[in-house]
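Beneath this line is the structure, given in structure tokens, with notes to follow.
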Amino acid sequence: EDTVNGIEIPANEQIVVGLTMRMGNVGSNTDGLIFSNAASYTYNRIDGDVTTQTPGGSSATSDMMVVEPDLTATKVASNATPGKAAGDPITGGDIIQYVVSINNGGSSTAYDVNVVDTLPSALSFYSSFVPTAVIDLTPVSGFVATPAGTPDGPLVWGRDNGDGSLDIPAGANLVLTYRAQVLESTATTFSNLVWIDWTSLDDASAFERTGDGCPTTASPDDYCYGPV
């Protein structure tokens, strides 16, 4: 009320001061960090006389802990060409099924997960198969199955495809399944690489921790995993 002389509290009354804090996106705020927030006050026994200043009460919150998501992934390829077995050798025209399993081993939800598959020149997205996404065996509601970047890639599912449905709770597992077709090629081997990034808050926020620029990131915005 008075930024020079402070707040006046009449006898038998009280004042309640409410503060809203936001955790800073700084490198020292990492998973498992324990912290508390303390407050104290003083008051004058005579108005405007600092020589009568007297310590008042103090209090601190109980300990709080910083939590973070932490994603890792594995990827399995199999031959999905009709009439062939999963383990059959690959030849031109064959269809490869990729299953990417993304596990959140952290202590909070990984929001707005983004999956980017960089197809080699020997592969093209196989649109006759509709990609699927399930979290702990439950289909993801609202999942946008058709990726950006078809047919030659990079194929993008999730946030950069306008899809915010890929939120993975702590301890949960997201499985993304899709297919690519082998083009006629002189290549004897090829690599198909996937990168994953995510955020600390749901939807876009200037204050969240991200994996922007994945695979090239800068701390503390290092929510990026790969290549798988």
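Looking across the range 26-69, just one residue is under 23 Å from THR210 (Cβ atoms), among the acidic types (Asp, Glu) and open to solvent by less than 80 Å² (accessible area, probe 1.4 Å), and that is GLU68. Report yes if some residue within the range 12-25 is polar (S, T, N, Q) and surrounded by 10 or more Cβ atoms within 10 Å (Cβ to Cβ); otherwise report no. Yes; the residues of the range 12-25 include at least one that is polar (S, T, N, Q) and surrounded by 10 or more Cβ atoms within 10 Å (Cβ to Cβ). Condition check for PRO82 on (1) part of a loop (DSSP other than H, G, I, E, B); (2) touching a Pro at 6+ places or on another chain (Cβ under 6 Å); (3) not hydrophobic (A, V, I, L, M, F, W, C): one failure, at (2).
For the range 102-155, filtered to residues that are among the charged types (D, E, K, R) and in a loop (DSSP other than H, G, I, E, B), the residue that is surrounded by the most Cβ atoms within 10 Å (Cβ to Cβ) is ASP152. Can you list residue pairs whose Cβ atoms sit under 9 Å apart, with the first residue in the range 25-38 being aromatic (Phe, Trp, Tyr) and the second being open to solvent by 70 Å² or more (accessible area, probe 1.4 Å) and part of a strand (DSSP E or B)? Count only pairs 6 or more apart in sequence or on different chains. Listed pairs, sorted by first residue: PHE35/MET64; PHE35/MET65.
Of the residues making up the range 53-69, those that are out of contact with any Lys or Arg (no Cβ under 8 Å at 6 or more places or on another chain) and assigned to a loop (DSSP other than H, G, I, E, B) are THR61, SER62, ASP63, VAL66, VAL67, PRO69. When the range 173-220 is filtered for residues that are buried (at least 19 other Cβ atoms within 10 Å of the Cβ) and more than 23 Å from THR146 (Cα to Cα), the ones remaining, listed by number, are SER200, ARG209, THR210. Only one of the numbered conditions (1) of a type outside the set (Gly, Ala, Ser); (2) open to solvent by 30 Å² or more (accessible area, probe 1.4 Å); (3) over 25 Å from ASP222 (Cα atoms); (4) not in a loop (DSSP other than H, G, I, E, B) is violated by THR72, and that is (3).
The values are calculated or read from the model by the stated rules, or taken from the named source; none is laboratory data. Quick caveat: nothing in here was measured; it's all calculated off a predicted structure. Cβ atoms come from the backbone with ideal geometry, glycine included; neighbour counts cover every protein chain shown. Just the protein is used for accessible areas: all its heavy atoms, side chains included, with ligands, DNA and RNA removed. Shrake-Rupley method; radii C 1.70, N 1.55, O 1.52, S 1.80 Å.
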